[in-house]
Structures are given as structure tokens and as C-alpha cells.
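Undergrad: I am attaching a structure below and will ask some questions about it afterwards.
Throughout, read-outs are computed from the coordinates displayed, never taken from laboratory work. Note that this is a predicted model, so its numbers are computed, not measured. Cβ placement follows ideal geometry from the backbone for every residue including glycine, while neighbour counts extend to all protein chains displayed.
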Amino acid sequence: MIFADIHNHALFATDDGPKSEKDMYALIDEIYKDNIRHLCLTPHFHPGYFGENGKRARRAFAVLEAYIKEKYPDLVIYKGNELRYNRGCENWVKEGMCNTINGTQYLLVDFSENERAEDIVNGTNRILNAGYVPILAHVERYRRIPRNMEMVMELKGNGVIVQIDSQSVTGMFGLFSKLRSKKLLDLHLVDVVATDSHGTKRRAPSMTQSYEYIKKNYGEEYAELICSVNPLAILNDKYIGRN
């Protein structure tokens, strides 16, 4: 099974991912071994946390392009960002400082893990009103989202795309995130699984392991949809249907 990953931090010296070219290459090797063949690089973006890291990201992307051209010619890479939400942050996108996913309408966005539930709803609504489709990163990790997931249903009804991390599915993020991801999968609220990988040891990619778990417990069709079909559609700026 071939996967598409629309959320990872594989670019070196850009955010809290790999620090060196060597570390980046090692992570890319693991990503390739994990059967990922479409990879959108999404370094964190928030000037207050990582500075205006666009120049660093472009340099690292160019270095990575040369590496995969020689070693993995069937691995396709794309540009993106993971935008940390801040009031008015949509202007960073409009000004070209922050990338959508592969230049599409889809915008990967995250919040503080302790963000108030109503602020997540209001923030994603502002992004929708600005003309973008928010992909809410690692939904299972927001501790103030009510356990019954009615808020997630509301978000999906508004047009928000729900993404969970593969490490949460496999339990690498701890019991809370694992149980939350299970609940989201039980209710078929997940639109996309992504690795959110940062390195080969800390937060390593685990897409194949996650896919096999979902396939076993929720069926092959759903597993393929959220690990391959939907992320590929997003990369190609296509509408993804509701699960």
C-alpha cells in the first residue's frame, strides 16, 4: 500500500524537526521505508515561535529535492506549512509568508493543545471565511474538546478537515491521544491520517503500522481512504467527501 503524508517536519534547520542534513536524510529514508510516496513538507509557521523561517525552509527543500532525485525518484515532495493559529494569521497566508498545502485551498492549522474548544471553532471559522479550507492538525491531542466529539461533528459540518497523527493511533503519544483517536475512528470522523514525523527516534513515521491497525479494526476501504485517497485528493486540490 502506497501512502500520502500531508503533515510532517522533515526539513532540516527549519523548526523542531531534523537539525542537520544528515538527520533529514535519515528521516526521509524512514519515510520511504514506510511506503510514503507523496510527501508534503509542513514546517511550523508562526513568527513568534520560529521566526520568519521561509528562507530556511526553501533552502532545505532544495537540498532535499537533490537528495530524492538521486536516491528516490518515485518520491514526490510538495511545499506546505503547519500554521499555528493566531488572530489574523490568515494574512500571513495571503501575503505569501505561509504556504497552503501544495498551493491549494487547503491550509494545515494547529492550536495549543489546551486551547479552549470555542476558540478552535471560532478560529477555524475565520480561516473558512478567509477562503481557505482548514485541516485541523492532530485533533485527538486537544484536551478541551468534549469527549462525546459533538464539537468535532460541528467542525466537520462547517467544512473543517479532521486530521489525526499516526503515532496517536499506535499509542506513541500516550493513552489520552490513543483513546481519543480510537473514538474519532469509531465515529468515522477522521478525514486524514498523517505522520507528523520529526525524526527517526522522536516521533518517527509509523504510517504502515497505523494503516494496518485501521484496516484490521475499521476495514480496508476506510483505511485506504484516510491514509491515501483523501490526502492525495487534498494535494490535488480536489473536494473530499464526508466519511
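Undergrad: Tell me, what is the percent relative contact order of region 1-80, built from C-alpha pairs under 8 Å that lie six or more residues apart?
TA: Relative CO of region 1-80 lands at 36 percent.
Undergrad: Another question, if that's okay. For the pairs Lys156/Lys182; Lys55/Lys156; Lys94/Lys156, note any where the Cα-Cα span goes beyond 26 Å.
TA: Where the Cα-Cα span goes over 26 Å, the pairs concerned are Lys55/Lys156.
Undergrad: Taking Cα pairs under 8 Å and at least six residues apart, what relative contact order does the chain come out at, in percent?
TA: Reported as a whole number, the value is 21 percent.
Undergrad: Related question: Give, rounded to the nearest 20 debye, the magnitude of the charge dipole that the chain has about its Cα centre when Lys and Arg contribute +1 at Cβ and Asp and Glu contribute -1 at Cβ.
TA: Approximately 340 debye in magnitude.
Undergrad: Give the longest segment of the chain that steers clear of GluC sites (Glu not before Pro) in DSSP loops with at most 16 neighbouring Cβ atoms within 10 Å, not counting the sites themselves.
TA: So the longest stretch without any such site is 116-243.
Undergrad: Could I ask something else about it? Let a ≥ b ≥ c be the square roots of the eigenvalues of the Cα gyration tensor of region 54-177; is it rounded (a/c under 1.5), or, if not, prolate (a/b larger than b/c) or oblate?
TA: oblate
Undergrad: Would you mind checking Lys33/Lys69; Lys183/Lys238; Lys178/Lys215 for any pair whose Cα atoms are more than 18 angstrom apart?
TA: Flagged as over cut-off: Lys183/Lys238.
Undergrad: Right, next: Which of rounded, prolate, oblate describes region 175-243, given a ≥ b ≥ c as roots of the alpha-carbon gyration tensor eigenvalues and a/c under 1.5 marking rounded, otherwise prolate only if a/b is larger than b/c?
TA: Note, shape of region 175-243 comes out oblate.
Undergrad: Sticking with this structure for a sec: Compare Gly88, Gly17, Gly159 in a GNM of the chain, Cα atoms joined below 10 Å, and give the one with the largest fluctuation.
TA: In this elastic network of the chain, the residue with the biggest mean-square fluctuation among Gly88, Gly17, Gly159 is Gly88.
Undergrad: Cα gyration tensor of the chain, axes a ≥ b ≥ c as square roots of the eigenvalues: rounded (a/c below 1.5), prolate (a/b > b/c) or oblate?
TA: oblate
Undergrad: For a quick check: with amide H placed at 1.01 Å from N, whose amide H comes under 5 Å from Tyr78's, ignoring anything fewer than 5 positions away on the same chain?
TA: Sorted by chain and number, the residues that satisfy this are Leu39, Cys40, Leu41.
Undergrad: With θ taken as phi - 60° and the coefficients 6.51, -1.76 and 1.60, list the Karplus ³J(HN,Hα) couplings across region 209-219 in order, rounded to whole Hz; mark glycine and proline as x.
TA: 4, 5, 4, 5, 5, 5, 4, 5, 9, 10, x
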